[in-house]
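For reference, the structure is listed below as structure tokens.
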Amino acid sequence: VKVLISGAGVAGPCLAYWLERYGCEPTIVERAPRLRTGGYIIDFWGAGFDVADRMGLLPQILENGYRVQELRQVDRHGKRVSGFSGKVFDRMTDGRFTSLPRGDLAAAIYEALGDGVETVFGDSITAIEDLGAEVRARFERSASRTFDLVIGADGLHSQVRRLVFDEESRFENYLGMKVAAFEVSGYRPRDELVYVTHTELGQQIGRFSMRNDRTLFLFVFADPSPDIPADLPSQRALLRQRFSGSGWECPRILDALDCTESLYIDRVSQIHMDRWARGRIALVGDAAFCVSLLGGQGSALAMIAAYILAGELSRANGDHEAAFARYQERLGSFIAGKQKAALRLAPFFAPRSRFGIFLRNQVMKLMAIPFVGELAVGRDLRDSVELPDYRPRV
Ligand SMILES: Cc1cc2nc3c(=O)[nH]c(=O)nc-3n(C[C@H](O)[C@H](O)[C@H](O)COP(=O)(O)OP(=O)(O)OC[C@H]3O[C@@H](n4cnc5c(N)ncnc54)[C@H](O)[C@@H]3O)c2cc1C
């Protein structure tokens, strides 16, 4: 079975990995000229962690990951106002929890791919025609080809979704916030293994010190306009406009931003679709059901979905429609729950009022108390999804 996968992010390579194991021939087409490595630091636990374990990736992931000791909220003078120990998460996940740069996770998955996976960088699908017995795909650069199946793993702004289903606006729920992330070398001060955040009305900035003298910054801010500036100078200008009046280290962080060539910036949005498949074409990861960074779990969910999609395809013996239906049946309500949970967390990132900030700090204080933390987030932390063992019986 020849499967074309659009996107070499997290979901795409994970899907290719499992499909190859089940005897399929995956081809990944990625628009970027090489594997994209930027982005924020993600918390990684739950069923996604289990998928990584089944792929043999844990040694690498744990080596690249960080055991965050503290989440610390500071005021505009850098003074601690609240926070809690990272042990809360360790306890709730039996130690199966790490925080690692998204790019390191993507690279670990990509490096695990076997020789049977073809990857084409610097290209993109321009047209998809479902011919009934096969699918013809046209590309920006390569010659057109036919495949048995096409899977869109091309993220929040999926091209496959646009070509086969409908315009993004029909499925996107913009949550009124934007996210930006970048990394620099040599930034001071450093707080090893502490995730430091400073929250003001409608916006938050976070700093995390990484190995090799790198520091990662994450901005989240409320913005009624969904437009993302097209180029780096205007993206920097937007962040400057929003954060230049902020306290804490913001002026220094904005200066550091001027020295970076790589900035990730996007809308905080969710994608809601009734069906993730049509004919021989399906979607996976953010393309199908983006939960947004508020859920803190987008990459893990992308891996879970890729694992189940590949497994159901292998089980269905060529009946792709049955496989796509089982895939959505297994995941639909689980994902819907994650999307709802993510919405509950929105006020943590960009509180709408001074009272919201106060409340956030109080909740963070409570999180430090065992059992309260468990009660507050335990339900959202646990993944109520089954990961069947799809390995062919020998
Ligand atoms: C560089 C980068 C940085 C990120 N940083 C953050 C962050 O700071 N905060 C946050 O909340 N989320 C971030 N994300 C999103 C996060 O990685 C995803 O929510 C999660 O990993 C789900 O994975 P995915 O594979 O479904 O989508 P993604 O990881 O977004 O991967 C999608 C892939 O598809 C590729 N692609 C897009 N369009 C096309 C096309 N037309 N043709 C071919 N390929 C295409 C993209 O280049 C990308 O490699 C980032 C994504 C990327 C790509």
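The values are calculated or read from the model by the stated rules, or taken from the named source; none is laboratory data. The shown structure was predicted, so the numbers you read here are calculated from the model rather than taken from an experiment. For the accessible areas, the whole protein counts, side chains as well, though only heavy atoms, and no ligand, DNA or RNA atoms are used. Shrake-Rupley method; radii C 1.70, N 1.55, O 1.52, S 1.80 Å.
What the table shows:
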| item | result |
| --- | --- |
| Alpha-carbon gyration tensor eigenvalues x 5, square-rooted, for region 227-310, Å | 35, 14, 12 |
| Protein accessible area in the chain, 1.4 Å probe - carbon and sulfur % | 50 |
| Normalised contact order of the chain, rounded percent, pairs of Cα under 8 Å and 6 or more residues apart | 22 |
| Which of Cys24, Cys259 is most accessible, then next, and so on - probe 1.4 Å | Cys259, Cys24 |
| Value of Rg/Rh across region 158-313 [Cα atoms, Kirkwood radius] | 1.03 |
| Unit Cα scatterers, Debye sum, region 20-83: log10 I(q)/I(0) for q = 0.17, 0.20, 0.28 Å⁻¹ | -0.93, -1.08, -1.18 |
| Radius of gyration and Dmax over the Cα atoms of region 1-118, both given in Å | 17.4, 59 |
| Accessible area per residue, Å², region 42-185 with all protein chains present, probe 1.4 Å | 44 |
| Cα Rg, Dmax (largest Cα-Cα span) when computed across the chain, Å | 20.9, 64 |
| Greater than 26 Å apart at Cα, pairs in Lys178/Lys338; Lys87/Lys338; Lys2/Lys340 | Lys2/Lys340 |
| Amide H partners (placed H, <5 Å) of Glu25, local residues excluded | Lys2, Val3 |
| Set of lysines with alpha-carbon distance to Lys79 below 20 Å, sequence-local pairs under 8 removed | Lys365 |
| Gyration tensor over alpha-carbon atoms, region 290-333, equivalent ellipsoid semi-axes in Å | 24, 10, 6 |
| Probe 1.4 Å, protein heavy atoms only - accessible area per residue of region 229-316 in square angstrom | 34 |
| Residue-span extension gain [Val1 to Asp94] - 0.36 nm each, minus C-alpha spacing | 29.6 nm |
